[in-house]
């Protein structure tokens, strides 16, 4: 059986009284004729193999969905019926686990058991062995429900071996009929764990599995044995403690039930969504291990999803239907359960038939195409079998010939025996006559001498016949030896013929040989039948002859008895006469009485003799019949002997003809074989000569190629030497320029990717602001909101263009492919060493310059921090002064004027200092860029490199900048003597600095990195501020140049990032207060 999907039947139980009391309504609609369930409230529909409404009966349910599956058991397939659903949904009722023999609405199990034994009764030519077992899974522990032990000793364990899942110690009860099976079901149901909940008065608190094992074997055919198991699974229902109101032990039971059903649901989901190819968690629960073969394994499975129609349970109903819908997609692989050796033999026979049919129907057979190796193996096997058949045919033929020879010998011996017997009988008769004459008359010596001479002549004739018979036997033996030699030669010939062409020639010989052998075998059977008939008839004749010899004796006795009767009659007559005379003479009474008694005795004796005579006459008459029968049997024996002789002579002649024909054909085959052998020898010689010539040509070709290669290598070496001499001076400069260019392109791409990420985040911020403004517009429409929305839409569009351009340029740089093929430009170890040296030099130079610039930058940053501290001190002092003046009650207006003048002066001074520091920082940054560009130009001044792609940093370093018009003032505050710097001014200046330098961040001084691309710092302080390169890039200090004793940035998670994969910039300005950022596109 091929892959078989799990079938699903949904059964809707009727509404119960408790649901009606709650006012529940039906939430399920069954679509007639379509096996579909519709849930109007959830707008969902499910289609299954079978759908049974609440009014369906047990009989209709069983006949529609279950009855046809029972027949699979007798075909050797495992069958599983699985009931799944919410607690109180009618699973136990449908399965019929709680069987009651007086229950008319019995469930699946009693009806299936009845059908199984009914089919067993119909199969009279099969022997069946049926056993049942019953177990339950209660609180993740298996219990044997048919065991006679106490419950605490009925626990069994699950084991797994090569054959699959098995239960150790499980009781299997043999049953013979329906009554005993249902009795086991009833006994086990009494031991099952049940309890009452708010949703079900008699709720099953365990999962029950009732298994019927059927072993069948056809009578007198042990190879036909099959095994099958019928699993009937009644699962405990899933339940919610809120609805069941379970507490204590019932709550623990519900937890275990839900745990097992959850694992079962996961298995169903895994099998339904991913199939058997992915991992399936069968070991998550004992329930899933027990159902491993039923779900995705060796079984024909039907899942019965029992649901409640009440809207009060709609969530559980939808969940059950979803699991059932997933179960439809599970594919099982049921196989016939039988002995593996028998199954293998059956499978091999099936494969042989399929291969034979495929071979016969294949077009390659007619087209003469080459066969696959499997077909070639079958052809070789066929040839081997044909050789064996030929040998067996030869053996049978020789045996038949020997049998014919033995029959001929036996016939000759029989003829000699008959002749010898006849001659001996005649001699014995002559001897008896001679002895009688000698006894009667001893004077006739001459006549007796003549008779003796005749007897001697007869004996000599017998001896001569015997010698002739021996000569004939010897002749037959010699002819048989010749035939044996011929069969031996033919066997040798058949063993030596391996050529396919000669094999085709031997086909006719084999066919003729088989035909002759079968014909001879039929004739041998006829001869054996004649021999059996001859033996029977000869035995009968022998018995009749014995009876005939007894009849002759009876005739002699009869003559004697007739003579005696005559004598007795004469004596009787004489006695009667004497008696009359005595009576006439008045003799004594005693003498008369004595004579009378003697007469009576003579009469009795005469009567007895007459009776014997009658019996002897009957025997004589029977002898006549026997003589007729003997004559008839003798004729039949003669005819049978003649037929036998004809058959033997015919077999002999046919054998001689066949041997003669076979000898001629074998001679022809021997000639063909000799010719074929000569041809093969000639072919081998020609092949050897060809191989020699081929080897010579190959060797000459290899020599020519080697010479050509040496010449080419020499020319290449000469050419390379010339080029090396021409380019030795410029090689180092070229490698230096190439490495510098590659680094420049790589860094430009990395910076462009950083800018791209920042633009994407800016775009996200603008999109968020745009969405908020659109929501505000819907609630409070105004002109200002419309203007802001249009501006933000313009910003988003500009960002999209910038992102598109950056992505296009990054894609054009093609760093992934360049990274794979970058080092292919280095053709020698010297070039590689020069490239590494250049990398180290550039890295060291950049590191040195960056260290100096960073040191100056840190000094400026520290100065700025000091100025900020002074400003904060000033603000504190100012606030204290205000409080003090307020306490003293001084006029506020004059103080404000004094404070404003002082503030303006101080702010102006601080602003000037900040501007000076900013100018110095810009100068340092420009110097770094100038040195970087000058180094690149110097490395390329001696060669004509390929057109270098324009660095993306140059394209975007001045192409756009963000300004905040709400912060920038048109007034010259720095030259206003009445204006004083305040803390707000410092914050504005910081925000302005940050906003204006967004575009400059692209070309900012690169982060100090190691040779492997890791961020490093060389702080002299505690690495506690953003002056530290590592802290600014949100990484912890590791293998840095800072003082580890002072460093305070060693306790965060080390997230160092390499230059080639994940380079990021400083903290983005997502939370800044810029309102109107603009993009200025620089015209090229």
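The values are calculated or read from the model by the stated rules, or taken from the named source; none is laboratory data. All values reported here derive from a predicted model rather than from experimental measurement. Positions of Cβ are backbone-derived with ideal geometry, glycine not excepted, and every protein chain shown enters the neighbour counts.
Going through segment 820-835 one residue at a time, which ones are over 10 Å from residue 735 (Cβ atoms) and at pLDDT 80 or above?
829
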*In segment 614-659, the residues that are loosely packed, with under 12 Cβ neighbours inside 10 Å and within 60 Å of the chain's Cα centre (by Cα)*: none
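Residue check: is residue 678 closer than 30 Å to residue 403 by Cα and at pLDDT 80 or above?
Numbers: closer than 30 Å to residue 403 by Cα: no; at pLDDT 80 or above: yes.
For residue 678, the condition - closer than 30 Å to residue 403 by Cα and at pLDDT 80 or above - is not met.
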*Take segment 94-133 and flag every residue that is under 25 Å from residue 335 (Cα atoms), in contact with a helix residue (DSSP H, G or I) (Cβ under 8 Å, 6 or more places away or on another chain) and assigned to a loop (DSSP other than H, G, I, E, B).*
123
*Test for residue 479: is it surrounded by 13 or more Cβ atoms within 10 Å (Cβ to Cβ), touching a helix residue (DSSP H, G or I) at 6+ places or on another chain (Cβ under 7 Å), at pLDDT below 75 and in a helix (DSSP H, G or I)*: no
*Tell me which residues, restricted to segment 283-302, are in contact (Cβ under 8 Å) with a residue 12 or more places away in the chain, more than 20 Å from residue 75 (Cα to Cα) and outside any loop (DSSP other than H, G, I, E, B).*
284, 286, 287, 288, 289, 290
*Tell me which residues, restricted to segment 26-41, are surrounded by 13 or more Cβ atoms within 10 Å (Cβ to Cβ) and in a loop (DSSP other than H, G, I, E, B).*
27, 28, 35
*Within segment 275-316, restricting attention to residues that are out of contact with any helix residue (DSSP H, G or I) (no Cβ under 9 Å at 6 or more places or on another chain) and within 26 Å of residue 63 (Cβ to Cβ), which residue is surrounded by the most Cβ atoms within 10 Å (Cβ to Cβ)?*
299
*In segment 317-340, which residues are assigned to a helix (DSSP H, G or I) and either out of contact with any helix residue (DSSP H, G or I) (no Cβ under 8 Å at 6 or more places or on another chain) or over 14 Å from residue 294 (Cα atoms) (or both)?*
317, 318, 319, 320, 321, 322, 323, 324, 325, 326, 340
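One line per residue, one yes/no per condition, for (1) over 24 Å from residue 98 (Cβ atoms); (2) in contact (Cβ under 8 Å) with a residue 24 or more places away in the chain:
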| residue | (1), (2) |
| --- | --- |
| 150 | no, no |
| 155 | no, no |
| 159 | yes, no |
| 169 | yes, yes |
| 174 | no, yes |
| 178 | no, yes |
| 182 | no, yes |
| 185 | no, yes |
*Residue under evaluation residue 219, criteria (1) at pLDDT below 80; (2) farther than 21 Å from residue 98 by Cα, criterion not met*: (1)
*Inspect all residues belonging to segment 406-421 and state whether any of them is loosely packed, with under 11 Cβ neighbours inside 10 Å and either under 24 Å from residue 511 (Cβ atoms) or modelled with pLDDT of 75 or more (or both).*
no
*Is at least one residue of segment 83-93 under 23 Å from residue 236 (Cβ atoms), modelled with pLDDT of 90 or more, in the same structural domain as residue 181 (by TED's automatic domain parsing) and not in a strand (DSSP E or B)?*
no
*List pairs: first in segment 615-627 and in a helix (DSSP H, G or I), second at pLDDT 70 or above, Cβ under 7 Å, 6+ apart or cross-chain?*
626/544
*Given (1) part of a helix (DSSP H, G or I); (2) in contact with a helix residue (DSSP H, G or I) (Cβ under 7 Å, 6 or more places away or on another chain); (3) free of Cβ contacts under 8 Å to residues at least 40 places away in the same chain, where does residue 260 come up short, assuming only one miss?*
(3)
_Enumeration of residues in segment 661-673 that are more than 53 Å from the chain's Cα centre (by Cα) and either over 28 Å from residue 517 (Cα atoms) or surrounded by 11 or more Cβ atoms within 10 Å (Cβ to Cβ) (or both)_ = 661, 662, 663, 665, 666, 667, 668, 670
*If a residue has to be at pLDDT 90 or above, crowded, with 17+ Cβ neighbours inside 10 Å and out of contact with any strand residue (DSSP E or B) (no Cβ under 9 Å at 6 or more places or on another chain) to count, how many in segment 50-65 make the cut?*
1
*Pick from 72, 98: which is touching a strand residue (DSSP E or B) at 6+ places or on another chain (Cβ under 7 Å) and surrounded by 17 or more Cβ atoms within 10 Å (Cβ to Cβ)?*
72
*Could you pull out the residue among 903, 885 that is out of contact with any helix residue (DSSP H, G or I) (no Cβ under 6 Å at 6 or more places or on another chain) and either surrounded by 15 or more Cβ atoms within 10 Å (Cβ to Cβ) or at pLDDT 70 or above (or both)?*
903
